[in-house]
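The values are calculated or read from the model by the stated rules, or taken from the named source; none is laboratory data. As the structure is a computational prediction, the values presented were derived from the model and not from experiment. Backbone-built Cβ (ideal geometry, glycine too); neighbour counts: all protein chains shown. The area values use the complete protein model at the heavy-atom level, side chains included, leaving out ligands, DNA and RNA. Shrake-Rupley method; radii C 1.70, N 1.55, O 1.52, S 1.80 Å.
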Amino acid sequence: GVFEMRERGLTQVPNPSAIFLSDRLNVAPGSVVTSSMEGTRPILVEIQGLVSSSGMGNPRRTVLGLDNNRVALILAVMEKRLGMNLSGLDVFMNVIGGVRIVEPSADLAIAAALASSFLDKPVHKETTLIGEIGLTGEIRAVSHAQARIKEASKMGFTTCLVPSSAMKQLSRVEGMTIESVSFLKDAMEVLFDGQE
């Protein structure tokens, strides 16, 4: 459960996704929403990434709410598979609201937040992403995909990027366009091609 301290003590938060997304800006490069599982409950969280030039010999890597090693792996895949030169840049990652994400389902959102900041192009505000990234750049299926997509739809999201391998287990969710991607490169084309 998620609880909030109020005047009368701790009270349960009936919709944690709404709390974690309440202060989200409409359009901002480096901001992406994903659906994380807390037990059997999907919760939407905002992941922010910032890529900037480094003023030091060794670029900084500051990661809050995510596994440092996972972010390092994703950066390496982005360098190799997308040709993004990130090794000499400072990288900052944060999960808004103090949430800690330990599952790999947020990989695609992490990569999208970093690419969005690097390219200075926002991800559409009504798009959410779920998927694990493999070392070859493939997007792998994650557990509870249907529940994650339903939660995103309840919160007003209209598009969800999911791994192609998950499509056969998914049923239609009203008001939600489900786009499948097989590789990280495909996801970047869907998210950023055609933007000025």
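General remarks:
- Note on SER153: accessible area is roughly 30 Å² with a 1.4 Å probe, heavy atoms of protein only.
- Cβ-Cβ FRET estimate between VAL102 and THR62, R0 fixed at 22 Å, reported to 0.05: 0.75
- Among the listed pairs LYS80/LYS168; LYS80/LYS121; LYS121/LYS185; LYS125/LYS185, those with a Cα-Cα distance over 26 Å are LYS80/LYS168.
- Label of the coordinate-derived value, Cα Rg over 2.2 N^0.38 Å, listed as [x] 1.14; [y] 1.00; [z] 0.95: [y]
- Rounded to 0.05, the FRET efficiency of the SER165 and GLU79 pair, given R0 = 25 Å and the Cβ-Cβ distance, is 0.55.
- Accessible solvent surface per residue of the chain, calculated while the other protein chains remain in place, 1.4 angstrom probe, Å²: 51
- Rounded to whole Å, sorted largest first: equivalent-ellipsoid semi-axes of segment 24-112, Cα gyration tensor: 23, 14, 12
- Pairwise Cα distances in segment 63-118 exceed 20 Å in 16 percent of cases.
- Measuring only protein heavy atoms, the 1.4 Å probe finds MET167 accessible over about 70 Å².
- In this calculation the C-beta distance from SER143 to SER54 is compared with R0 = 45 Å, giving a FRET efficiency of 0.75.
- Over segment 148-191: Rg over Rh, Cα atoms, Kirkwood Rh: 0.97
- Normalised convex hull volume, segment 95-196, alpha-carbon set, Å³ per residue: 109
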